[in-house]
Amino acid sequence: MKKIKSILTVGSIAGILFAVTAVVNITNMPQKSMAAVTATPAASASATTTPRTTASVSSSASPNPSASATASAAPSTSPTEEPAMSVMNAPIEQKITKKGLIYEYTATYAHLIGCTNTAKQKKSIHVPAKICVQDIYYDVTMIDYEAFQGCSKLKNVTIGRYVKQIRYGAFMGDSKLKRVTFQGKKLQNVGDDAFYKTASGIRFVMPKAVKTKYRNLLKDGNPRRAVYQGK
């Protein structure tokens, strides 16, 4: 009887342990299953996220050619684009006559372009360094084409210090012109025949520092037997 009771006791303990183990296993199984189920949607979410990213990159990497062409063409018609320089917006030259000499001037310079019939009767003419128009001074930088042609009595000319250019035929045919005095050192160009048919032996007077330079320039004006004097 004692052995039977011992066996029953041991069997009861074993049965209890087995039952406890079974309960623990049953309790843990849903947690693992839930973890698996929970992990699966996350993976699915990750999988569903990837196509959207790919689609976004794909759409940005494959632009519509026609749309790009339209976008690149748009700036040319922008209303804020500045127009190219043309005759319509170029500086406007205005004319003025002072002491018988006719000038064209803009915001930055003045050119001597001719003289009146009264001035053509003068024996001596002074081309000024500047002219004043409404209290604004403009440098006289050029003597234009044939500006003094027909001044049959002209003998002496003084040229202001800012003149850079004397153009073709400026004094052509002024047969009595014997002396031209340059007050400045800025002369850069003398046009062909600028002094053609002036008096033989015409004398050009200029600053000593530019005598050689001016002599070479004035030869293009075709004077007859000219004399070059530095002062």
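The values are calculated or read from the model by the stated rules, or taken from the named source; none is laboratory data. Every value quoted in this text rests on a predicted model; they were computed, and no experiment measured them. Counting neighbours? That spans all protein chains shown, and the Cβs are built from the backbone with ideal geometry, glycine included.
If I go through the range 127-154 residue by residue, how many of them are under 20 Å from Tyr196 (Cα atoms), aliphatic (A, V, I, L, M) and either not in a strand (DSSP E or B) or not assigned by TED's automatic domain parsing to the domain that holds Gly100 (or both)?
2
Mind counting the residues in the range 155-214 that are in contact with a Lys or Arg (Cβ under 7 Å, 6 or more places away or on another chain), of a type in the set (A, V, I, L, M, F, W, C) and not in a loop (DSSP other than H, G, I, E, B)?
Total meeting the criteria: 3.
Can you confirm whether the range 172-190 contains a residue that is closer than 19 Å to Pro128 by Cα and among the aromatic types (Phe, Trp, Tyr)?
Within the range 172-190, one or more residues are closer than 19 Å to Pro128 by Cα and among the aromatic types (Phe, Trp, Tyr).
Could you grab the pairs with beta carbons closer than 7 Å, sequence gap of 6+ or different chains, first residue in the range 135-157 and more than 16 Å from Asn189 (Cβ to Cβ) and crowded, with 16+ Cβ neighbours inside 10 Å, second one of a type in the set (Asp, Glu) and modelled with pLDDT of 95 or more?
Phe148/Asp174; Cys151/Asp174; Leu154/Asp174
Report whether or not Gly191 is in contact (Cβ under 8 Å) with a residue 40 or more places away in the chain and in the same structural domain as Leu101 (by TED's automatic domain parsing). Steps first, answer last, please.
On the way: in contact (Cβ under 8 Å) with a residue 40 or more places away in the chain: yes; in the same structural domain as Leu101 (by TED's automatic domain parsing): yes.
The answer is yes for Gly191.
Tally up the residues in the range 109-123 that are more than 14 Å from Gln149 (Cα to Cα) and not in a loop (DSSP other than H, G, I, E, B), please.
The qualifying residues number 2.
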